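Read-outs throughout are calculated quantities, based only on the coordinates presented, and are distinct from any laboratory measurement. Nothing here was measured: the structure is a model prediction, and the numbers come from that model. Quick reminder, even Gly has a Cβ in these numbers, built from the backbone with ideal geometry, and neighbours come from all protein chains shown.
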Amino acid sequence: MTIDYDELANEARELIDEFGVFGYVKLVQNTGTHDPLTGEVSAGTIAVDLHAVDLEIKSKLVDGTRILASDRMVIMSNDVAPKMSDDILIGNNTHKIIEIMPISPAGTPVTYEVVCRG
């Protein structure tokens, strides 16, 4: 039996849309560029609307050091792959990404669980 991971990703997006609000959570990506001649980095960001659900952190993940009880868990579809240098915007509050946990059976990202702190 062959598993269609793209279809699983579509189903995950539909569930996330049902229980989340599209665009309430945004991924703020760094769009700055590095000029190798001058060494300067231009500043710039872009906010991308996400298919995502914002949740309280699971208590079993809280260790009091690396992950705190006040952190947030964002479950997002695979539309955009988050990077540690990105930020998560929840409503009007910016959160730093602490950890990215892709759910990727057979190496195909279906969803991402992102722990963030604001």
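Could you tell me which of the residues THR108, THR94 is in contact (Cβ under 8 Å) with a residue 60 or more places away in the chain and over 19 Å from THR45 (Cβ atoms)?
Going through THR108, THR94 in turn, just one is in contact (Cβ under 8 Å) with a residue 60 or more places away in the chain and over 19 Å from THR45 (Cβ atoms): THR108.
Do we have any residue at all in segment 45-64 that's part of a loop (DSSP other than H, G, I, E, B), exposed (fewer than 15 other Cβ atoms within 10 Å of the Cβ) and touching a residue at least 24 places away in the same chain (Cβ under 8 Å)?
no
Being of a type in the set (Ser, Thr, Tyr) and closer than 30 Å to ARG13 by Cβ is the filter here; which residues of segment 38-53 pass it?
Result: THR45, single match.
Name the residue that is farthest from ILE46 (Cα to Cα), counting only residues in segment 70-91 that are hydroxyl-bearing (Ser, Thr, Tyr) and part of a loop (DSSP other than H, G, I, E, B).
The extreme case among them is SER70.
Going residue by residue through segment 103-114, is there one that turns out to be closer than 18 Å to TYR24 by Cβ, among the aliphatic types (A, V, I, L, M) and surrounded by 15 or more Cβ atoms within 10 Å (Cβ to Cβ)?
Yes, because at least one residue in segment 103-114 is closer than 18 Å to TYR24 by Cβ, among the aliphatic types (A, V, I, L, M) and surrounded by 15 or more Cβ atoms within 10 Å (Cβ to Cβ).
Can you tell me which residue within segment 18-32, out of those that are out of contact with any Asp or Glu (no Cβ under 9 Å at 6 or more places or on another chain) and over 16 Å from MET73 (Cα atoms), is surrounded by the most Cβ atoms within 10 Å (Cβ to Cβ)?
GLY32
Can you give me the number of residues within segment 6-43 that are under 19 Å from the mean Cα position of the chain (by Cα) and not in a strand (DSSP E or B)?
The total comes to 19.
What's the total number of residues in segment 65-95 that are within 12 Å of the chain's Cα centre (by Cα) and surrounded by fewer than 14 Cβ atoms within 10 Å (Cβ to Cβ)?
4
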